[in-house]
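For reference, the structure discussed in these notes is given below.
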Amino acid sequence: MKGRMQIDKIGEFALIERLARILPKVPKGVLGIGDDTAVLPFSKDKHLLFTTDMMAQDVHFTMRMDPEGIGHKALACNISDIAAMGGKPTYAVVSIAMPAKTDVKFIEGVYKGLARTAKAFKVSIVGGDSIKADKIIINVALLGEVSKKHLVMRSGAQPGDWVFVSGPLGGSFNSGHHLSFTPCVKEAQFLIKNFKPSAMMDISDGLPGDLNHILRSSGVGVKLWPEAVPVYRGCTYEQALGDGEDYELLFTLSPKKAVKLMQWQIKKHVFMFYPIGEIIADKKQRVNVKSFTHY
């Protein structure tokens, strides 16, 4: 068909923007598409958080991988989104599509991984769905709660803020980190209670793409300090930027809070946060990398 537009030509994020324009506007008081989770009305003091992630065989995992690790990842990546908003996870539903010839023990292994992670983070799995398909697809939808005073979004970064990450980046697939990572709930709770970041999200699509999400949402630019980006052992700087699936926190702090955080971690050695750049007013100064998708 003449003039046909393909998804791989426009990219995942451009597609999401196009689809968002088709959907009805969300009600007043609701934060919809555009952050790590949706933010919904809940109570006088709290917001309800709602997120979902899908994993597909031969894209996010293979049948040669540990099924319990696959189950862990399916829930943990959602928990990571809740953490990045300053919240704590509560209830989940799990849906799975699979070929009829799939080994039952493999699926049981996936659910053992789900159950172990749910128990570790006090998440109740309360339902789901299962269907037949050509390949395995796992989808988790997760609810969480956040105090209104602790909610952190992508849109609050200000010129002068420092940019931080919560750990080394790169090599997630080669190291197996993408199946064994621990969502940064403790780190996020520490930050919101003691330093309250101006913006925050988790790193799933790679540092440049995710940092650009914060920059676009906040209407700012960045001056990245390449030599300061922490690189996972055995990885190159390029891998630290582009591999993705790190699930570390990416956040911004005012200069005053940033200095206090650096002073605190020198004394306490509980968490390690790495400053990697400075937010600037020039909106054109984004992280210039070739875009990629998970298709």
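Brief remarks follow.
- Among residues of the stretch 208-234 that are without any contact (Cβ under 8 Å) to a residue 24 or more places away in the chain, those with a Cβ under 9 angstrom from a residue that is part of a helix (DSSP H, G or I) and open to solvent by 60 Å² or more (accessible area, probe 1.4 Å), sequence gap 6+ or separate chain, pair up as Pro226/Tyr237; Glu227/Tyr237.
- Scanning the stretch 242-271 for residues that are part of a loop (DSSP other than H, G, I, E, B) and surrounded by fewer than 13 Cβ atoms within 10 Å (Cβ to Cβ) returns His269, Val270.
- Scanning the stretch 157-205 for residues that are within 20 Å of His72 (Cβ to Cβ), of a type in the set (A, V, I, L, M) and in a loop (DSSP other than H, G, I, E, B) returns a single hit, Ile203.
- Odd one out for Gly160, checked against (1) surrounded by 15 or more Cβ atoms within 10 Å (Cβ to Cβ); (2) under 17 Å from the mean Cα position of the chain (by Cα): (2)
- Exactly one residue out of Ile131, Ile125, Ile107, Ile138 is part of a strand (DSSP E or B) and open to solvent by less than 60 Å² (accessible area, probe 1.4 Å), and it is Ile138.
- Test for Lys283: is it open to solvent by 10 Å² or more (accessible area, probe 1.4 Å), modelled with pLDDT of 95 or more and outside any strand (DSSP E or B): no
- Each residue in the stretch 212-223 was checked for being part of a helix (DSSP H, G or I) and open to solvent by less than 10 Å² (accessible area, probe 1.4 Å), and 2 of them qualify.
- Some residue of the stretch 264-278 being under 20 Å from Ile82 (Cα atoms) and of a type in the set (Asp, Glu): no
- Residue check, Arg233 of a type in the set (D, E, K, R) and assigned to a loop (DSSP other than H, G, I, E, B): yes
- Selection from the stretch 12-31 of residues that are open to solvent by less than 70 Å² (accessible area, probe 1.4 Å), more than 25 Å from His47 (Cβ to Cβ) and modelled with pLDDT of 75 or more: Ala14, Leu15
- Test for Met55: is it in contact with a helix residue (DSSP H, G or I) (Cβ under 9 Å, 6 or more places away or on another chain), crowded, with 23+ Cβ neighbours inside 10 Å and in contact (Cβ under 8 Å) with a residue 60 or more places away in the chain: no
- Counted residues, the stretch 75-125 - those being over 18 Å from the mean Cα position of the chain (by Cα), aliphatic (A, V, I, L, M) and farther than 18 Å from Gln57 by Cα: 4
- Flag if Ala83 is over 15 Å from Ile138 (Cβ atoms), among the small types (Gly, Ala, Ser) and surrounded by 11 or more Cβ atoms within 10 Å (Cβ to Cβ): yes
- Among the residues of the stretch 193-211, those that are open to solvent by less than 10 Å² (accessible area, probe 1.4 Å) and either at pLDDT 95 or above or within 12 Å of the chain's Cα centre (by Cα) (or both) comprise Pro197, Ala199, Met200, Met201, Asp202, Ile203, Gly206, Leu207, Asp210, Leu211.
The values are calculated or read from the model by the stated rules, or taken from the named source; none is laboratory data. Predicted, not measured: the structure shown is a model, and the values here were computed from it. All Cβ positions, glycine included, derive from the backbone under ideal geometry; neighbour counts span all protein chains shown. Remember, those area values only see protein heavy atoms, side chains included, never the ligands or the DNA or RNA. Shrake-Rupley method; radii C 1.70, N 1.55, O 1.52, S 1.80 Å.
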